[in-house]
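Student: Mind having a look at this structure? Questions to follow.
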Amino acid sequence: MTELLTPDFAGIARAAALLRAGELVGFGTETVYGLGGDATDARAVAAIFAAKGRPHFNPLIAHYPDAGAAFAHVRANDAALRLAKKFWPGPLTLVLARAENCPVALLASAGGDTLAVRVPAHPVALALLRAVGRPVAAPSANRSGQVSPTTAAHVMAGLEGRIAAVLDSGPCDVGVESTVLDLSGDGAVLLRAGGVTLEAIEAEIGPVARFRHVGGPLRSPGMLDSHYAPDLPVRLGAGTVAVDEALLAFGRALPGAGAVFELSADENLTEAAARLFAGLRWLDAEGRRRGLVRIACMPVPEHGLGRAINDRLRRAAAPRTAVKGETP
Ligand code: TXA
Ligand code: MG
């Protein structure tokens, strides 16, 4: 079922062809194995969440073969350029504002305005990324709740039968994930400690704010403040819809809405997940343009990717201040 590919020309070409066809491929980096999918293909990104069994949409890291390719899709600033020069390829991930016309699927940003980018320091990973010719979205290649894999055998143990292939490039050297640094706002914020030390980063760009405040609430990338929240109020579980409402439809659309976005007419949860954030944004903008008062959402079943979709919709519907103070 899941092909085990060798890290030679043929194996890399096969992995690249699968990725370009929208399939999922596990591949080694210097940190841990990633579960890769074409970052510009929203359905492939949705399939990553399905394969991992993630109950919510965490934003994903887009992997690039070089800094030039990465910075074409985000708005780089001075600090980003300096850090990239010093630490790429390497275990450092930079969170930056998405560039206008960024081709990476909104789902990889969990609907937000930022994108995490990284250039991994593994020759096989770099050869693969060059062969794909598109950014590859890749979380660690473990099932949700399990530890990150550092060998192809670990990936197989967790995901065999759920993904198209694993490109075996041997055990990972670093073994811990990349450092994640948010440079999208004023100043740098450490979101996750990892392969590049904080001291090394601070030596390059000066003081970095820590993500965790002792005794304070934990900020998490899964929290609403780093995500897109529609301006219009959101109503869940809609069984009917009014003319002054915009409708997020799942399955056959309810009649009578002032605007309709179909997540998936035939109730396909992968398609629905792939279209969710684009749909919310469109309904919000179009609804306001047409003077509608809220977004009504038809029910989505609570299984598979439906759990992640419902998690996001509940966040969008929750009172904004209450959700912002929530711990993950
Ligand atoms: O070493 C690594 O980083 C590995 C290899 C495969 O590259 N990848 C990895 O991905 O660990 P993942 O999905 O397991 O962890 C990515 C982390 C998560 O904590 C996620 O929330 C955060 O990066 N992240 C990704 N995009 C973000 C964004 N736009 N804003 C804030 N945090 C983001
Ligand atoms: Mg992980």
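The numbers here are math on the coordinates, done by the rules we state, and not lab data. Keep in mind the model is a prediction, meaning the values are calculated, not measured. Reconstructed Cβ throughout: ideal geometry from the backbone, glycine too, with neighbour counts over all protein chains shown.
Student: Could you calculate the FRET efficiency of Glu267 with Asp66 from 1/(1 + (r/R0)^6), where r is the beta carbon distance between them and R0 is 25 Å, rounded to 0.05?
Tutor: According to the calculation, E is roughly 0.05.
Student: Right, next: Can you sort Lys85, Lys52 so the residue with the fewest Cβ neighbours within 10 Å comes first?
Tutor: Lys85, Lys52
Student: Estimate the FRET efficiency between Thr197 and Arg288 by the formula 1/(1 + (r/R0)^6), using the beta-carbon distance for r and 45 Å for R0, to the nearest 0.05.
Tutor: That pair, Thr197 with Arg288, gives E of 0.50.
Student: What nm distance separates the two modelled labels at Ala17 and Glu100, each placed 7 Å from Cα along Cα→Cβ?
Tutor: For the pair Ala17/Glu100, the computed spacing is 4.0 nm.
Student: What are the extents of the Cα atoms of the chain along their three principal axes, in Å, largest first?
Tutor: Cα extents, longest axis first: 57, 48, 35 Å.
Student: P(r) tail for the stretch 1-148, what percent of Cα pairs lie past 22 Å?
Tutor: Within the stretch 1-148, distances greater than 22 Å cover 34 percent of Cα pairs.
Student: Related question: Kindly express, to the nearest 10 degrees and within the range 0 to 90, the angle between helix 123-132's C-alpha long axis and the longest C-alpha principal axis of the chain.
Tutor: Helix 123-132 sits at roughly 40 degrees to that axis.
Student: Counting only residues 5 or more places away or on other chains, whose amide H sits under 5 Å from the amide H of Arg192 once H atoms are built in the peptide plane?
Tutor: Amide H neighbours of Arg192: Val180.
Student: Hey, another quick one. Could you tell me the calculated FRET efficiency between Ala278 and Val176, based on Cβ-Cβ distance and R0 = 30 angstrom, to the nearest 0.05?
Tutor: 0.35
Student: Report the relative contact order of the chain, percent, no decimals, based on alpha-carbon pairs under 8 angstrom and at least 6 residues apart.
Tutor: Reported relative contact order: 21 percent.
Student: What is the Cα coordinate range of the stretch 236-286 on the first, second and third principal axes, sorted by size from largest, in whole angstrom?
Tutor: That gives 29, 22, 16 Å along the principal axes, largest extent first.
Student: Taking a quarter of the surface of the convex hull around the Cα atoms of the stretch 99-216, what do you get in nm²?
Tutor: Projected area, direction-averaged: 9.7 nm².
Student: Listing Ser169, Ser140 from the residue with the fewest other Cβ atoms within 10 Å to the one with the most, what is the order?
Tutor: Fewest-to-most ranking of Ser169, Ser140: Ser140, Ser169.
Student: Sticking with this structure for a sec: Show that you can apply the helix-only estimate: for the chain, add -39,500 (n - 2.57) for every DSSP H stretch of four or more residues, divide by all residues, and state [θ] at 222 nm to the nearest 500.
Tutor: Value at 222 nm, helices only: -9500 deg cm²/dmol.
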